[in-house]
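**Q** One structure, pasted below without further comment.
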Amino acid sequence: MSGTTPDLHGRSPWSILPALLTGFFMIMVDTTIVNIAVPTLVSTFDTSLTQVGWVNSAYLLTFAVLLLVTGRLGDRFGPKPVYITGLVVFTLSSLACGLSPTIGWLIAARAVQGIGGALMTPQTMALITRVFPADKRGAAMGLWGSVAGVATITGPLLGGFLVESAGWEWIFYVNLPVGVLALYFSLTRLPTLATHQRSFDVLGMVLSVVGVFLVVFGIQEGGNVDWGTLVGPITVWEVIGAGVVVLAVFGWWQLRLGDDALLPMRLFAERNFLLGNVAGAAVSFTMVGVFFPLTLFLQEILGLSPVHAALVSLPGSLLSGVVAPFAGRLSDRVPGKWIVSVGFAVMATGITWAALLIAPDLMAWHLVFPLALFSVGVSFVMSPLANLVTQGLSGRDAGAGAGAFNTNRQIGSVIGSATIVAVLTSRLASTLPAAARTAAAGLPDAAREPFVAAFSSGGIGLGGAGAPALPDGVPPALAAQVKAAAVQAVHSGFATAAGQTILVAAAVLVVGLVATVLMDRGSQHRPAHPLEAITEQG
């Protein structure tokens with residue numbers, strides 16, 4: 001096909017967004033919606049928490065592993081057919097998820113769902129980059145960013161409502177009407193764009209899939225095996241190390257192939273592309289880093305239901321949806337790096353504020369304000385950042401660039417999940433015994449030592465379960481006193497650990513802030529039209 005402006009049959013470029021954003025919203029919601037249903041799935045399938053954890057991990061794993069390959073598939077075969085294929089796969093696998101008779105079936109269906117999501121995601125950015133003129137692209141990316149932010153935050157709330165009102169199956173069935181609507185929009189409104197007829201880098205595809213799989217799998221499973229042995233003599237660190245070696249070989253091979261590579265390494269010579277990928281990973285790390293300990297705190301310590309816990313972040317979610325389009329439009333007028341930098345600073349301020357507020361006697365609504373501030377920061381980061389990353393790329397590299405950016409964001413989520421769990425666990429090992437020593441001060445001498453010892457051995461659960469057994473004949477009043485002290489210690493120790501863990505996410509945001517400050521202003525790299533490079537090179 002020739003490198004001409006796509007024929008929209010007289011329609012505005014904005015007419016492609018319903019197809020892209022409806023599908024993208026569905027994908028992003030499914031990255032978080034399952035978490036709220038974990039207790040229900042454990043009970044329904046009479047299985048372990050580790051197995052149910054794979055319901056989410058299988059989705060994230062196939063999603064992350066394939067993003068780089070599927071981005072290049074869009075360049076090779078066109079973003080429209082690849083997007084539609086992914087949409088069909090995602091919608092049908094959602095039906096299979098809801099019909100799952102066993103936990104194994106559900107895990108397998110979620111893995112297929114991740115494949116569908118991976119096929120779709122890079123095409124959303126690639127289509128926006130190639131269809132919208134440069135002076136309109138920031139606003140379009142603003143809507144894209146608002147969907148990413150709102151959907152990720154909305155997932156737990158929607159999931160909680162569906163699980164409590166209709167059953168866990170409906171967190172998957174809800175995708176069916178959305179998928180059909182997105183398919184209709186895609187078939188009628190997405191343009192057919194120029195493709196690039198060249199050899200496909202099969203070896204690069206294999207190396208990238210294997211390398212990313214080993215790294216992501218090792219990170220995901222590390223916490224489950226205490227960062228020790230996975231199978232037989234093979235350790236987590238050996239798996240991750242092997243993945244790093246394979247990715248190094250992949251990088252060498254890409255350098256050898258030059259422009260014919262799956263991921264042309266010259267993309268990283270573009271400063272904004274390189275630093276934007278660092279910043280994107282930092283944002284994704286933080287989204288996981290904030291909400292994992294915070295959700296546990298709200299439900300286990302403050303005693304909120306899943307829906308009520310999700311409502312704490314609802315105002316911020318709504319505010320993010322309103323602000324993101326304006327942030328995107330602003331990035332067409334003001335150098336995007338400054339908008340993104342402000343966003344990172346606002347995000348860091350919001351979650352630092354939240355971390356300092358966390359205490360056992362906190363009123364949950366007090367967290368609404370810092371989380372709303374955090375969400376506003378997300379709005380100022382997501383859409384302008386995507387625009388900064390893609391605006392210096394030629395049309396022929398739009399899919400590869402979008403695939404790389406989304407791969408790094410997804411890997412940032414996985415690393416964030418593993419890191420935050422490890423940090424929270426580590427801090428609890430210190431804060432719980434310390435809180436137990438304080439709570440034991442009011443107990444009789446005979447009960448004090450075994451009480452503190454129980455916490456030091458790690459045998460106390462979040463609700464105070466596991467408090468040391470008392471000898472027969474202990475007065476009920478003393479037994480109640482010990483139980484109350486255990487709950488007090490758990491609440492105090494967990495609140496301290498959760499606050500400290502969230503501060504780790506704030507530190508990662510500082511890395512993202514530094515990366516954006518080091519970016520170019522960006523405007524000088526914008527081509528007159530996103531298809532200019534296709535005309536020259538296609």
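Nothing in this text is a laboratory measurement; each read-out follows from the coordinates by a stated rule. Here the structure is a predicted model, which means the values were calculated and not measured. All Cβ positions, even for glycine, are placed from backbone atoms using ideal geometry, and neighbour counts span all protein chains on display.
**Q** Full extension from Glu164 to Val322: what is 0.36 nm times the residue separation minus their Cα-Cα distance, to one decimal in nm?
**A** Working: separation 158, 0.36 × 158 = 56.88 nm, distance 2.80 nm.
Between Glu164 and Val322, full extension yields 54.1 nm more.
**Q** Let me check against my output: what whole-number percent is the relative contact order of the range 201-261, with C-alpha pairs under 8 Å and at least 6 apart?
**A** On the way: 59 pairs, mean separation 26.2, N = 61.
Once normalised by length, the contact order is 43 percent.
**Q** Quick one: angle between helix 103-131 and the longest Cα principal axis of the chain, in degrees between 0 and 90, rounded to 10, please.
**A** Long axis of 103-131 versus the principal axis of the chain: about 40 degrees.
**Q** When you count, for each residue, the other Cβ atoms within 10 Å and take the mean per peptide, how do 358-369, 254-265 rank with the highest first? Mind showing how you got there, number by number?
**A** Numbers: 358-369: 15.4, 254-265: 17.1.
Taking the mean over residues of other Cβ atoms within 10 Å, the ranking is 254-265, 358-369.
**Q** Relative to the longest principal axis of the C-alpha atoms of the chain, give the angle of the C-alpha long axis of helix 445-456, reported between 0 and 90° and rounded to the nearest 10°.
**A** 20 degrees
**Q** Can you tell me the relative contact order of the chain? Whole percent, Cα pairs under 8 Å, sequence separation 6 or more.
**A** Working: 986 pairs, mean separation 121.5, N = 538.
The value is 23 percent.
**Q** Points 7 angstrom from Cα along the Cβ direction at Ala453 and Leu95: gap in nanometres?
**A** So the label points at Ala453 and Leu95 sit 6.1 nm apart.
**Q** Rounding to the nearest 10 and keeping the result within 0 to 90°, find how far the Cα-based axis of helix 336-357 lies from the longest principal axis of the chain.
**A** Long axis of 336-357 versus the principal axis of the chain: about 10 degrees.
**Q** For the chain, how big is Rg over Rh, using alpha carbon atoms and the Kirkwood form of Rh? List each step's numbers first, then the result.
**A** Working: Rg = 24.3 Å, Rh = 24.2 Å.
Reported Rg/Rh, Kirkwood definition of Rh: 1.01.
**Q** If R0 is 22 Å, what FRET efficiency do you get for Asn224 and Asp46 from their C-beta distance, rounded to 0.05? Please report the intermediate quantities before stating the final value.
**A** Details: r = 20 Å, r/R0 = 0.89.
With a Förster radius of 22 Å, E is 0.65.
**Q** Measuring from centroid to centroid over Cα atoms, what is the spacing of the range 31-91 and the range 159-198 in Å?
**A** Comparing the Cα centres of the range 31-91 and the range 159-198, I get a distance of 13 Å.
**Q** When the Kirkwood radius is taken over all Cα pairs of the range 201-261, what Stokes-Einstein diffusion coefficient follows at 25 °C and 0.890 mPa s, in µm²/s? All intermediate terms of the calculation are to be shown ahead of the outcome.
**A** Details: Rh = 12.1 Å.
The estimated diffusion coefficient comes to 202 µm²/s.
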